[in-house]
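J.: The following block contains the structure, expressed as structure tokens.
The values are calculated or read from the model by the stated rules, or taken from the named source; none is laboratory data. What you see is a predicted model, and the numbers here were worked out from it, not measured in a lab. Note that we place each Cβ from the backbone using ideal geometry, even for glycine, and neighbour counts take in every protein chain shown. For accessibility, only protein heavy atoms count, side chains too; no ligands or nucleic acids. Shrake-Rupley method; radii C 1.70, N 1.55, O 1.52, S 1.80 Å.
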Amino acid sequence: MVERRNGLTYADSGVDIDAGNRLVDLIKPMVRATARAGTEAEIGGFGGLFDLKAAGFKDPVLVAATDGVGTKVKIAIETGLHGGIGIDLVAMSVNDLVVQGAEPLFFLDYFACGKLDPAAAAAIVAGVAEGCRESGCALIGGETAEMPGLYKEGDYDLAGFAVGAAERGTLLPRPDIAAGDAVLGLASSGVHSNGFSLVRKIVETSRLPFEAQAPFSPLMTLGGALLTPTRLYVRSCLRAIRETGAVKGLAHITGGGFTDNIPRVLPKHLGVGIDLARLPVLPVFKWLAGQGNIAELELLRTFNCGIGMIAIVKPDAVEAVSKVLAEAGESATLLGEVTPAAGEHRVVYDGHLDLTW
């Protein structure tokens, strides 16, 4: 082989293979900590393995989901607060699995950047690992891509991929959802990971820097408060499904809010009636609504407004389901009931949100 002197290297183009190897060394202990039945959660190979039989499944149906965290990453980048964004990444996919009655089994992440900062990337993966542990799924692999010219130095983006399983015949939504079933709302932790293009626009017009005190959360900076990680509903919802047998459907409240997400789990001939006065609106949404002069219906179609998961349950089991959810750390509120669909509007609102400070 002819060795050329003063030849260009991959590092000269902006890609540092050694930095990538350092990152792998940093995250290996985090990945190992997510091990569960069915996998050893070790990285370094060309693919991750999972043994469904070892995980205890007899006749499983696999369920897969993928998502990112949107422009919420811009706030993480601008503030340098990277720890929680990994939890967001996991939550956006595993919460979509549990609404189908599936138990998350394993997760893979994709991290793309302009120039790899191993410390920042490790902080992100630490959040991914934490989200996986809290959801009972293993982090079995991922990809780090350093792409100068496509991303500016300091910029990055994330994508996550989760696979879960449910025994055949146990998937949600159930076919017996009917008018009169109760609609429960599970409290969110904040804005979660949707609507951040509007959030950032509102912050821009407010002229508040991210390091300023959050008007709606005096003990936190604005950036820190907005970066509150998405709530993980996996363990609590699986427990309610399995222990009560009364959960007929779940809806993860993401982009599209109540208006677009609840109908996704209902038969075509059914809708829901929601009493907005019962909805526990979080202070962050009151501030966003006031600062941005956002109309109520726009709020309900953009943000979760304080409810991150909807549960459709048997009307005579509201107390039992609420009790199990409370024991699992959730705050559940009875918001309304399933109704016959009224034309094209399948989510009908009564009353108004409490947006007063």
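J.: Tell me, which residue of the stretch 158-181 that is assigned to a strand (DSSP E or B) and in contact with a helix residue (DSSP H, G or I) (Cβ under 6 Å, 6 or more places away or on another chain) is farthest from LEU232 (Cα to Cα)?
T.: Here the residue is LEU158.
J.: Also, quick follow-up: Within the stretch 45-79, restricting attention to residues that are part of a loop (DSSP other than H, G, I, E, B) and hydrophobic (A, V, I, L, M, F, W, C), which residue is most open to solvent (accessible area, probe 1.4 Å)?
T.: Ranking the qualifying residues of the stretch 45-79, first place goes to PHE46.
J.: Check off (1) open to solvent by less than 30 Å² (accessible area, probe 1.4 Å); (2) touching a strand residue (DSSP E or B) at 6+ places or on another chain (Cβ under 8 Å) for GLY351 and give me the number that stays unchecked.
T.: (1)
J.: Shifting gears a bit: Is there any pair with a first residue in the stretch 81-107 that is farther than 25 Å from ILE262 by Cβ and at pLDDT 95 or above and a second that is acidic (Asp, Glu) and open to solvent by 20 Å² or more (accessible area, probe 1.4 Å) whose Cβ atoms are under 8 Å apart and which are 6 or more apart or on different chains, and what are they?
T.: Short answer, once both residue conditions are applied: GLY86/ASP109; GLY86/GLU130.
J.: List every residue pair whose Cβ atoms lie under 8 Å apart, where the two residues are 6 or more positions apart in sequence or sit on different chains, the first residue falls within the stretch 295-309 and is under 14 Å from ILE274 (Cα atoms) and of a type in the set (Val, Ile, Thr), and the second residue, located anywhere, is assigned to a helix (DSSP H, G or I) and open to solvent by less than 10 Å² (accessible area, probe 1.4 Å).
T.: ILE307/PHE258
J.: Name the helices (runs of 4 or more DSSP H) wholly within the stretch 197-279 that hold at least 1 residues that are farther than 21 Å from GLY343 by Cα, open to solvent by 30 Å² or more (accessible area, probe 1.4 Å) and among the aliphatic types (A, V, I, L, M)?
T.: 234-244
J.: Which pairs do you get when a residue that is free of Cβ contacts under 8 Å to residues at least 60 places away in the same chain and within 20 Å of GLY306 (Cα to Cα), found in the stretch 241-267, comes within reach of a residue that is of a type in the set (A, V, I, L, M) and part of a loop (DSSP other than H, G, I, E, B), reach meaning Cβ atoms under 7 angstrom, with the pair 6+ apart or on two chains?
T.: ASN261/ILE253
J.: Further, regarding this structure: Here are ALA178, ALA119, ALA162: which of them is surrounded by 16 or more Cβ atoms within 10 Å (Cβ to Cβ) and not β-branched (Val, Ile, Thr)?
T.: The match here is ALA162.
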